[in-house]
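Everything below concerns the one structure shown next.
The values are calculated or read from the model by the stated rules, or taken from the named source; none is laboratory data. Just so it is clear, the structure is predicted and the values come from calculations on it, not from any experiment. No Cβ is skipped: glycine too gets one built from the backbone with ideal geometry, and neighbour counts run over all protein chains shown.
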Amino acid sequence: MKISEAQGKLNRRCVIAIKQHGGIFDILSRMNDYVPAYVFSENDRTYLQLYFQKRGRQNNIISPLLSRKDLVEKRSYYSITERVNNVEGMKAIIRLIEAPSVALNDTYLLKNELFLDFRFHSTMLYEINDILHEVIGVNPNFRIVKMTNSRHLRERMEEMNSQTPVAVVRYNVPIPEDNEIMRYMEKNHPDAVGEVEGRLVSENGIKVLLYTSKPVNVKGVDPISPDDCVYESYIFERTLSEGRRMGNRARIPRIAVFYTLEEGRLIDTTFIPAGEADEYISIMMSSLMAEHGSRPLLEYYSELDENVWKLI
C-alpha cells in the first residue's frame with residue numbers, strides 16, 4: 001500500500017483555537033501573519049516551537065523576541081520555544097494528541113490564538129466530543145473552528161508548500177531484531193503504512209497509526225476500526241525516539257512522518273521545511289549510524305513536486 005493510498009482512512013477533521021495570554025502572546029496579538037508552530041511534549045510539559053520567517057512583513061513587531069537568549073537562527077527562519085502557559089489548554093492539547101486515532105495536520109499561531117488542526121477516525125467521534133465538551137462553551141479561551149471530513153495528504157502538503165517550501169526525505173534502517181511488533185507487521189502485513197505522531201515521545205515509545213489491507217491481531221496493537229483496517233500502537237525504538245528528540249532540540253519541525261517496511265528494513269518518509277532538510281538529514285543519519293550495525297541508507301530527497309506524489 002502506498003502512503004497516498006492510506007490517507008483517506010482517518011476520515012474526520014477538527015480545528016480548534018486556544019487563546020494564549022501574556023508575554024510573547026501579547027506581542028504576537030499585534031501580528032496578522034500566520035506563525036507556524038510545532039507542539040511537542042516531554043517530561044510532562046507541553047511546549048510550542050514558534051517559527052518566524054525571515055522574509056516576514058512584520059519582523060519589526062517581533063524584534064523584541066529576537067534578543068531572547070533561547071533564539072535559534074536558521075537559514076530561512078528564527079525559532080523560539082515557549083511553554084504552553086494555559087494549564088487547561090495544555091491538558092486539552094495532550095488529551096487530544098493522545099486520543100485514539102488522532103494525528104495532527106498542522107499547528108500555528110494567528111494573533112494570540114493557537115490553532116490545532118487534526119484528523120481522527122469517525123469511530124472516535126464521541127470520544128473527541130467528550131474531550132471538547134470539557135472546554136468548548138465552558139472556557140472562553142477555547143473555540144471550535146471546524147468539524148468536517150478530512151482532506152487528502154496532497155492537498156494539505158501543497159497548501160503548506162505555498163507558504164513555505166516543503167521537502168521530502170526518505171531513508172531506511174534495518175528492522176530491529178527485538179521489536180516484535182515490527183517483525184510481526186513485516187511478516188503478516190508487509191504493505192502496511194504507519195503514520196507517526198512523533199510530538200509525544202513517552203516511555204512507551206512513539207505513537208503510530210497503522211493502516212493495513214487486512215485485520216491485525218497481535219498484542220500491543222489496538223484496533224481503531226477493524227472494518228477500515230485502522231489500528232494504533234506505541235512503538236519503542238530507541239534510536240528513532242532519540243532522533244525525534246534531537247530534531248526538537250534543533251528546532252526542525254516534522255510536518256508529517258510515515259513508516260513502511262520492505263525487505264527487512266524500516267523506511268522513514270518525512271515531510272519537513274525545505275530550508276532545513278540538509279540539517280535534518282545530518283542529524284538523523286548521525287543518530288542512526290551510532291546505533292545500527294548496518295549503515296542507514298538515504299533513498300530520496302527532493303523538494304515537493306509531481307515526482308514525489310508518484311513515489312509515495
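So for the range 85-101 (the condition being assigned to a loop (DSSP other than H, G, I, E, B), modelled with pLDDT under 85 and outside the structural domain of Ala256 (by TED's automatic domain parsing)), does at least one residue qualify?
Looking through the range 85-101, at least one residue is assigned to a loop (DSSP other than H, G, I, E, B), modelled with pLDDT under 85 and outside the structural domain of Ala256 (by TED's automatic domain parsing).
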**Lone unmet requirement of (1) without any contact (Cβ under 8 Å) to a residue 24 or more places away in the chain; (2) farther than 26 Å from Ala6 by Cβ; (3) outside any loop (DSSP other than H, G, I, E, B) for Leu109** = (1)
**Complete:** Filter the range 74-84 for residues that are modelled with pLDDT of 80 or more and either touching a strand residue (DSSP E or B) at 6+ places or on another chain (Cβ under 8 Å) or assigned to a helix (DSSP H, G or I) (or both); the one that is nearest to Tyr126 (Cα to Cα) is Glu82
**Complete:** Flagged pairs (Cβ under 8 angstrom, 6 or more apart or on separate chains; first in the range 291-307, of a type in the set (A, V, I, L, M, F, W, C) and in a strand (DSSP E or B); second surrounded by 13 or more Cβ atoms within 10 Å (Cβ to Cβ) and modelled with pLDDT of 85 or more) are Leu297/Tyr171; Leu297/Asn172; Leu297/Val173; Leu297/Arg265; Leu298/Val169; Leu298/Arg170; Leu298/Tyr171; Leu298/Ile281
**Request:** Taking the options Ile97, Ile80, name whichever one is within 27 Å of Asn248 (Cα to Cα) and crowded, with 20+ Cβ neighbours inside 10 Å.
**Result:** Ile97
**Item:** Residue that is modelled with the highest pLDDT, among those in the range 171-193 that are charged (D, E, K, R) and in a loop (DSSP other than H, G, I, E, B)
**Value:** Asp191
**The one condition in (1) farther than 13 Å from Leu10 by Cα; (2) in contact (Cβ under 8 Å) with a residue 24 or more places away in the chain; (3) of a type in the set (Asp, Glu) that Glu155 fails to fulfil** = (2)
**Message:** It is to be established whether one or more residues within the range 267-284 are over 30 Å from Thr81 (Cα atoms) and of a type outside the set (Val, Ile, Thr).
**Reply:** no
